[in-house]
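Data block below; observations after.
The values are calculated or read from the model by the stated rules, or taken from the named source; none is laboratory data. Fair warning: this is a prediction, and the values are worked out from it, not measured in the lab. Reconstructed Cβ throughout: ideal geometry from the backbone, glycine too, with neighbour counts over all protein chains shown.
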Amino acid sequence: MPDVTAGAAAPTPHIAPYEARGLKGRILSGVQPTGNLHLGNYLGAIRNFARLQNDFECLYCVVDQHAITQPQDPKLLASQTREIAAAFLAAGIDARKQIIFNQSMVPEHSQLAWVFNCVARVGWMNRMTQFKEKAGKDREAASLGLYAYPALMAADILIYKATHVPVGEDQKQHLELTRDIAQKFNNDFEAPDFFPLTEPLIFGAATRVMSLRDGTKKMSKSDPSDFSRINLTDDADAIAQKIRRAKTDPHPMPDTAADAEKRPDADNLLGIYAALADQEKDAAIAEFAGRQFSEFKAALTELAVAKLGPVGAEMQRLMKDPGHVDSVLRDGAARARALAAPILAETYKIVGFLKP
Ligand code: TYM
């Protein structure tokens, strides 16, 4: 059999395959460099990224190519790309052991995405709720990239044959599509098990953090109200002010999980508290049952400042040294390419593309 990987860069020695290192699998996850990184991104994703690094081989990607599916200011895009990388580092991801990089430096992602554009069906894309939300009413005016976005996301994951993907709950549908694409590719090209059926890793007490202004709406980078979210770079005063103004209801704190479920604003704040305190939501409910919101909010503020303050401060410090952040990204991209290139070469061979 011809060696389809010949010519591709060999993996650097310190990133030997995960199986050889006794790890549970290979992780890829990504964060878009759009708007402010917030508590939802941290509790739903980035904190978990750091916690998984002893058990998995990890690739964490700043997905700048996803960002341009909607208009971006080029200068801001560059600084926000560095900001996400800084957040990865500040959250404790070890860039020497793991791989931190940005998507556009690894062209294999978009090369595989084209193949996946031809595997995925228009009917599948039409079901994607994130596209519907982001495109809004004027769907005709949305970019083609926004529509094809989930196929690029599948390529981000499968270009490394990643086995696991830690994300917040809102990405579940995209991960199901990733599995559908993998399965259809394997079937269509009679390449059984070539791409793995990747597992989502969604865990913690805050897999879907909601807006502080409306407990029925997801906390998001694009909400026009800054009071709807706690940004990772907010200082203690800003955190305190936002929690003080967070929406509640006129009753004392819920005393059962069933009661909390019926009260989305209270439920959201309790989930945030539990996640920051590293406990189950039920424990937070028991701790504050029947007490006043003002007491709870004081405890939440203290906890949030203690847990987020050091992360924000480290991000600020790193952002003052863009040269260092850029070198982390460049080094990560080189190591990521060493893993991606042979997989792309194999894929091209399976598809029937001639070797360059
Ligand atoms: P993005 O940039 O919107 O969000 C980054 C991560 O944060 C999680 N998240 C939340 N978790 C809990 N509560 C919230 N309110 C909240 N908001 C965001 C997201 O679930 C995500 O894990 N399509 C992805 C980026 C992406 C990707 C990938 C992810 C591109 N390629 C490959 C995983 C694997 C996105 O837009 O995430």
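Taking Trp114, is it part of a helix (DSSP H, G or I), in contact (Cβ under 8 Å) with a residue 40 or more places away in the chain and away from the ligand (no atom under 14 Å from the Cβ)? Here the answer is no, as Trp114 does not meet what is asked.
Of all residues in region 216-239, count the ones that are farther than 21 Å from Asp278 by Cα and either in contact with a Pro (Cβ under 8 Å, 6 or more places away or on another chain) or among the small types (Gly, Ala, Ser) (or both). Within region 216-239, residues that are farther than 21 Å from Asp278 by Cα and either in contact with a Pro (Cβ under 8 Å, 6 or more places away or on another chain) or among the small types (Gly, Ala, Ser) (or both) number 6. What's the number of the only condition in (1) modelled with pLDDT of 95 or more; (2) not assigned by TED's automatic domain parsing to the domain that holds Ala299 that Ala260 fails to meet? All conditions pass for Ala260, except number (2). The residue list Phe203, Phe185, Phe195 contains one member that is surrounded by fewer than 16 Cβ atoms within 10 Å (Cβ to Cβ) and aromatic (Phe, Trp, Tyr), which is Phe203.
Please enumerate the residues belonging to region 251-279 that are within 20 Å of Asn231 (Cβ to Cβ) and touching a strand residue (DSSP E or B) at 6+ places or on another chain (Cβ under 7 Å). Correct list: Asn268 only. Within region 171-187, the set of residues being away from the ligand (no atom under 14 Å from the Cβ) and either closer than 29 Å to Arg335 by Cα or under 17 Å from the mean Cα position of the chain (by Cα) (or both) comprises Asp180, Gln183, Lys184, Phe185, Asn186.
Can you report the number of residues in region 59-80 which are away from the ligand (no atom under 12 Å from the Cβ) and either surrounded by 22 or more Cβ atoms within 10 Å (Cβ to Cβ) or assigned to a helix (DSSP H, G or I) (or both)? Residues meeting the conditions: 6.
Here Lys221, Lys217, Lys242 are screened, and the one residue that is near the ligand (Cβ under 8 Å from one of its atoms) and not assigned by TED's automatic domain parsing to the domain that holds Leu339 is Lys221.
Of all residues in region 188-214, those satisfying the criterion of being hydrophobic (A, V, I, L, M, F, W, C) and more than 9 Å from the ligand (Cβ to nearest atom) are Phe189, Ala191, Phe194, Phe195, Leu197, Leu201, Phe203, Ala205, Leu212. Of the residues making up region 36-58, those that are in a loop (DSSP other than H, G, I, E, B) and either out of contact with any helix residue (DSSP H, G or I) (no Cβ under 8 Å at 6 or more places or on another chain) or more than 9 Å from the ligand (Cβ to nearest atom) (or both) are Asn36, Leu52, Gln53, Asn54, Asp55, Phe56.
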